[in-house]
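Novice: Provided herewith is a single structure, encoded as structure tokens, for subsequent inquiry.
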């Protein structure tokens, strides 16, 4: 990452660097008690395990808790996060796993490398103008037949800017999209959408969330 990084990447990195410790304490498990989320993640794990030993990336891995969950499910997974402080926390909490600093708009991976890619509540920070390029990047690094699982809070296309969290001043934009609009973007990126799941808010959340499973053809 350099000074040429898009503004949303710089803002997201700075915001999560500022709140990393508080965020990790607030979300010590990653998925909490959301049983259906865990079931969908387990299904994704089964699909990518069936492909053999192809690596899987958890993009936007934060403190690494979901990366660790996938590891416990037998997935050869590693984490990628834009925030150096988040990566440091993940390495400290899960020393047996691999985490590295990276941005989803320019993954430091060769073409056709991954059997699977998980992006859990991370594309919400990508502006509409950059989302097609990010999804194309996801497709680039997937092997033919590789799986992509997206999860995101939903909305009707609105943007929300957060300027304070955990008592710290930040600039962090959220983009709340419909599952249909994201599915259309996946199709445009050359990925086959295989499943859509919409879940109502729970556990103190205020927005519904969606899981979209897609696959690179081949």
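We did not get these values from a lab; they are worked out from the coordinates using the rules stated. Only a predicted model underlies this, so the values are computations on that prediction, with no experimental measurement involved. Here Cβ is always computed from backbone atoms with ideal geometry, including for glycine, and neighbour counts include all displayed protein chains.
Novice: Rounded to the nearest 5, what is the percent of antiparallel bridges among the DSSP beta bridges in the chain?
Specialist: 55
Novice: Counting other beta carbons within 10 Å of each Cβ, put 36, 131, 142 in order, fewest first.
Specialist: Ranked by crowding around the Cβ, least crowded first: 36, 131, 142.
Novice: If r is the Cβ-Cβ distance from residue 207 to residue 163 and R0 is 22 Å, what FRET efficiency results, to the nearest 0.05?
Specialist: 0.70
Novice: Give me the one-decimal nm value for the distance between modelled label points at residue 93 and residue 39, 7 Å along each residue's Cα-to-Cβ direction.
Specialist: The two pseudo-label positions are separated by 2.5 nm.
Novice: Would you calculate, for the chain, the mean residue ellipticity at 222 nm contributed by helices, counting each DSSP H stretch of 4 or more residues as -39,500 (n - 2.57) and dividing by all residues, to the nearest 500?
Specialist: My calculation for the chain gives -10500 deg cm²/dmol from helical runs alone.
Novice: Consider all pairwise Cα distances in the chain and report the whole-number % of them above 33 Å.
Specialist: 7
Novice: What is the extension gain from residue 26 to residue 181, computed as 0.36 nm multiplied by their sequence separation minus the C-alpha to C-alpha distance, in nm to one decimal?
Specialist: Fully extending the segment from residue 26 to residue 181 adds 52.8 nm.
Novice: Rounded to the nearest Å, what's the spacing between the alpha carbon centres of the stretch 199-216 and the stretch 29-80? Just the number, please.
Specialist: Measuring centre to centre over Cα atoms gives 16 Å.
Novice: What spacing in nm lies between the two simple spin-label points modelled at residue 112 and residue 199, each 7 Å away from Cα in the Cβ direction?
Specialist: 3.4
Novice: Taking 0.36 nm per residue of separation and subtracting the Cα-Cα distance, what length does fully extending residue 128 through residue 73 add?
Specialist: Extending this stretch completely gives an extra 16.5 nm.
Novice: Is the stretch 17-132 best put as rounded, prolate or oblate by its Cα gyration tensor, with a ≥ b ≥ c the root eigenvalues, rounded for a/c under 1.5, and otherwise prolate when a/b is larger than b/c, oblate when not?
Specialist: Judged from the Cα gyration tensor, the stretch 17-132 comes out rounded (a/c under 1.5).
Novice: For the stretch 50-113, rounded, prolate or oblate, judged on the Cα gyration tensor with a ≥ b ≥ c (square roots of eigenvalues), a/c < 1.5 rounded, else prolate if a/b > b/c?
Specialist: Values: a/c = 2.33, a/b = 1.12, b/c = 2.08.
It comes out oblate by the Cα gyration axes.
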